[in-house]
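One structure is given here, and the rest of the page talks about it.
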Amino acid sequence: MTAPILELDAVSKTFGTGADAVHAAQSISFAVNRGECLAIVGESGSGKSTVANMILGIYPPSSGEIRLNGTALPASRKLEHRRAIQLVQQNPLSSLNPKRSIGASLRLALDVHDIGASAERANLVGALLEEVGLPADFARRSPTALSGGQRQRVAIARALACQSEIVVLDEPTSALDVLVQARVLKLLNQLRETRDLTFVFITHDLSVVRNIATRIAVFEKGRMVELGDTETLFANPAHPYTRRLISAVPVVTLEEAALRSSLAAGLEETTE
Amino acid sequence: MSTPTLDIRNLTLGFKGYTGFTEVLHGISLSVEPGERVALVGESGSGKSVTARIVLGLLQELRTARIGGSVLFEGRELDGLNKRERHALRGKAMSMIFQDPTSSLNPVFRISDQFHDVLRRADPRITRDAALERAAAILAEVSVRDAERVLNAFPFQLSGGLNQRVMIAMALANEPALLIADEPGTALDVTVQAQTLQLMRKLVEEHHTAVLFISHNLGVVREFADRVYVIYKGRIVEQGPTRAVFEGPRHPYTRALMAAVPRLTGGGIPDIDEDSPDFGAPLETHDAEGRA
Ligand SMILES: Nc1ncnc2c1ncn2[C@@H]1O[C@H](COP(=O)(O)OP(=O)(O)OP(=O)(O)O)[C@@H](O)[C@H]1O
Ligand SMILES: Nc1ncnc2c1ncn2[C@@H]1O[C@H](COP(=O)(O)OP(=O)(O)OP(=O)(O)O)[C@@H](O)[C@H]1O
Ligand SMILES: [Mg+2]
Ligand SMILES: [Mg+2]
């Protein structure tokens, strides 16, 4: 039996002290298997990004343990840990240095993590851009000269550049039109297979989650209130908060509206 | 007959770069009446945000941008205004909610100070105490429960959704005639998003605010907008009342877009070409009564 690639064991995070303390994450435990796409959904401020930041080692947990391939991660990470877990962010502009060309940003990632022979790296940059559906000559552009969607693809390319095992995706496609979103989600699915990647996928978009996640963790006010595989969770959401989330999704088809109202009907029985 | 709040006619835009001239907008026309909610949807990179930036007078200041056509705000040609007059409009008569809250909130100032600045645009003599009181009231309207903590915070101390609600509150603070919302729901969860849309709807109705709403979320557009424009590669390809466009999309690009929406009922990620020669077909217009 192989250990899960990533485990969170009673992980908590508190910001500030005394009366000002914010309990952003409270005793969160879950395990992610290699090759899985675990989605984290929940209301704004429920602690999704806080958990993501702890997984990435941006800050350590206040208590609890995070394990990578069965080994506890230290509070200050080594380069190899940072390479193994990469982030694709909610706001692509803030994650790309505007003073650097797209190509230079990707090149820097390759240099830092020593990926490929240095003579090859210019070609690798072009190949990465093409892998995410951008022309190779975008390498010369500044991130400010790209649309929101184009920038998000660059951010995905940079995460791929590091050859990481785990990619934390924080709202990776919410800046994309649905056609491009479909292509990027397909691309992510395909990369998950070919590169044997594991995803932690944070999003508010339950329609996306429904179609891409293998399992779903539902967060509310710093706690995980439900964890289940995608089919089961949508067919039979156990927690009223999960029901409320699903029944608030704006939809376009009648079948979806029917699903929504059947869940909302169940909701009236359980609350108020 | 009323004057539209916003009337864009045959707007063109290109950028001068090292490698030559790139045309981005090929002559788009759209209008928003007082109190109307109009959505602009379509391809990433098709020119939605640059259109918004031109209306706000932000791209005019960029040396590489070449802008043609006309933009009328409450019947006045924007081109005829000088920089100071344009600045005076912005944040008062028209305001904007940006795609990326972290790039429009200043990271080095507390939310309270940024609110004070915004309110001073409409009322230069407002005191700090009065500004904070007003800010707390507006934050409560966008269901921020602990306004005091939020006002005291720097943007990095708040979640993405909280920052976005702060931005929405700031944009509404001076009761603008035109609100441009560029992806206002991106960082919001669905329950808050629903509340936010309700709030925006209330504002529109109470103050007769015109809203130009840019979004990729077609479910949200369907629930929120009165009219829809679909844009593809710098051209409007379909326009009409929301119901008509959703129930009978005619342009091949609009049809592809609708088919690509991920369904809450599952079925996987649809396999649809991102590009097709058919997408170059001419403009489809649905008439005002919504008959397809
Ligand atoms: N650096 C920080 N200092 C103080 N408080 C913080 C900090 N980072 C986050 N918080 C607080 O922790 C809580 C959880 O925030 P987090 O960013 O994890 O939410 P989220 O679930 O990602 O929300 P969203 O969907 O809006 O992005 C919020 O109340 C937030 O204000
Ligand atoms: N300052 C600039 N210089 C050069 N090109 C630019 C500049 N700003 C935007 N562009 C280009 O103009 C086009 C339109 O960009 P815009 O940001 O309006 O797209 P959008 O429709 O808002 O897309 P998204 O839905 O992804 O946000 C894009 O191809 C972009 O690369
Ligand atoms: Mg977040
Ligand atoms: Mg945009």
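Assign unit charges at the C-beta atoms only (+1 for Lys and Arg, -1 for Asp and Glu), then state the dipole size of region B:6-285 relative to its Cα centre in Debye, rounded to the nearest 20.
Values: 32 positive and 35 negative charges, 139 e Å.
Here region B:6-285 has a charge dipole of around 660 debye.
Given a cut-off of 23 Å, what percent of all Cα-Cα pairs of region A:35-168 lie beyond it? Don't skip to the answer; put the middle values down first.
Numbers: 3424 of 8911 pairs.
That tail contains 38 percent of the Cα-Cα pairs.
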- Message: Let me spell out the model: positive unit charges on the Cβ of Lys and Arg, negative unit charges on the Cβ of Asp and Glu, origin at the Cα centre of region B:24-87. What dipole size does that give, in debye rounded to 20?
- Response: 300 debye
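Would you compute, from DSSP H runs of 4+ residues alone, the mean residue ellipticity of chain A at 222 nm, taking -39500 (n - 2.57) per run and dividing by the full residue count, rounded to the nearest 500? Before the final figure, lay out each step's value.
Values: 11 runs with 110 residues, N = 272.
Mean residue ellipticity at 222 nm (helix-derived): -12000 deg cm²/dmol.
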- With every protein chain present, what accessible area does A:L206 have (1.4 Å probe, heavy atoms only), rounded to the nearest 10 Å²? 10 Å²
- Across the Cα atoms of chain A, what radius of gyration and what greatest pairwise Cα-Cα distance (Dmax) are found, in Å? 19.4, 66
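Hey, got a sec? Which trypsin sites (Lys or Arg not before Pro) in region B:1-98 land in a DSSP loop and have at most 12 other Cβ atoms within 10 Å? Present the calculation step by step, with values, prior to reporting the outcome.
Numbers: sites: B:R9, B:K16, B:R37, B:K48, B:R53, B:R63, B:R66, B:R76, B:K83, B:R84, B:R86, B:R90, B:K92; in loops: B:R63, B:K92.
Loop-located and lightly packed - B:R63.
Ignore the peptide's own chain and count Cβ atoms of other chains within 10 Å of each Cβ in B:253-260; give me the average, rounded.
Working: counts 1, 0, 0, 3, 3, 4, 3, 7.
Mean shielding count: 3.
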- Message: Positive end of the dipole of the protein assembly as shown, charges at C-beta (+1 Lys, Arg; -1 Asp, Glu), about the Cα centre: which of A:T194, A:L56, B:V118 has its Cα farthest in that direction?
- Response: B:V118
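Let me make sure I get this right: for the protein assembly as shown, a, b and c are the square roots of the gyration tensor eigenvalues over alpha carbons, sorted descending. Under 1.5 in a/c it's rounded, otherwise prolate if a/b > b/c, else oblate. Which is it? Let's see the in-between values first.
Numbers: a/c = 1.39, a/b = 1.27, b/c = 1.10.
Rounded, since a/c falls under 1.5.
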- Message: Given 20 °C and 1.002 mPa s, compute D for chain B with the Stokes-Einstein relation, Rh being the Kirkwood radius over Cα pairs; round to the nearest whole µm²/s.
- Response: 107 µm²/s
- Note on the structure: Per the helix-only model, chain B has a calculated mean residue ellipticity at 222 nm (DSSP H runs of ≥4, -39500 (n - 2.57) each, divided over all residues, rounded to the nearest 500) of -10500 deg cm²/dmol
- Task: Ignore the peptide's own chain and count Cβ atoms of other chains within 10 Å of each Cβ in A:202-211; give me the average, rounded.
- Result: 6
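With an 8 Å Cα cut-off and a minimum separation of 6 or more residues, compute the relative contact order for chain A in percent.
Values: 471 pairs, mean separation 62.1, N = 272.
About 23 percent, as a whole number.
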- Query: Past the 26 Å Cα-Cα mark, which pairs from B:K48/B:K83; A:K186/B:K233; B:K16/B:K83; A:K13/A:K78; A:K99/B:K92; A:K48/A:K78?
  - Reply: A:K99/B:K92
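Are there DSSP H segments in chain B that both extend 24 Å or more along their axis (alpha-carbon positions) and score a mean Kyte-Doolittle hydropathy of at least -0.5? List them, or say none. Don't jump to the answer; show the numbers that get you there.
Values: long enough: B:190-207 (25 Å, -0.16).
Span-like helices in chain B: B:190-207.
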- Task: Could you point to the residue in B:A136, B:L105, B:P252 farthest towards the positive end of the protein assembly as shown's charge dipole, with +1 and -1 charges on the Cβ of Lys/Arg and Asp/Glu respectively?
- Result: B:L105
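Per the 1.4 Å probe, what fraction of the accessible area of region B:24-110, in percent, lies on carbon and sulfur atoms? Write out the running numbers ahead of the final one.
Details: 1850 of 3790 Å².
In region B:24-110, the share of accessible area belonging to carbon and sulfur is 49 percent.
Can you give the % of DSSP beta bridges in region B:6-285 that are antiparallel, to the nearest 5? Could the numbers behind the result be given before it?
Values: 26 of 47 bridges.
DSSP beta bridges in region B:6-285 are roughly 55 percent antiparallel.
Roughly what % of DSSP beta bridges within the protein assembly as shown run antiparallel, to the nearest 5? Each step should come with its number before you reach the end.
Numbers: 46 of 85 bridges.
Around 55 percent of the beta bridges assigned by DSSP in the protein assembly as shown are antiparallel ones.
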- Item | Lys, Arg +1 and Asp, Glu -1 on Cβ, resulting dipole of region A:49-107 about Cα centre, debye, nearest 20 | 300 debye
- Message: Full-extension gain between A:R195 and A:V112, please, as 0.36 nm times their residue separation minus the C-alpha to C-alpha distance.
- Response: 27.8 nm
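Work out the mean other chain Cβ neighbour count within 10 Å for the residues of B:159-171 and drop it here as an integer.
On the way: counts 9, 11, 7, 2, 2, 1, 2, 0, 0, 0, 0, 0, 0.
Whole-number average of other-chain Cβ neighbours for B:159-171 is 3.
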- What is the Cα centroid distance between region A:16-90 and region B:125-167, reported in whole angstrom? 28 Å
- Task: With a point put 7 Å past each Cα toward its Cβ, work out how far A:E255 is from A:N123 in nm, to one decimal.
- Result: 4.6 nm
- Identify the trypsin sites (Lys or Arg not before Pro) of region A:91-187 meeting these criteria: DSSP loop state and at most 16 other C-beta atoms within 10 Å of the C-beta. A:K99, A:R100
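The values are calculated or read from the model by the stated rules, or taken from the named source; none is laboratory data. The structure displayed is predicted, hence computed values, not measured ones. Cβ: placed from backbone, ideal geometry, glycine included. Neighbour counts: every protein chain shown. We work out accessible area using only protein heavy atoms, side chains counted, and drop any ligands, DNA or RNA first. Shrake-Rupley method; radii C 1.70, N 1.55, O 1.52, S 1.80 Å.
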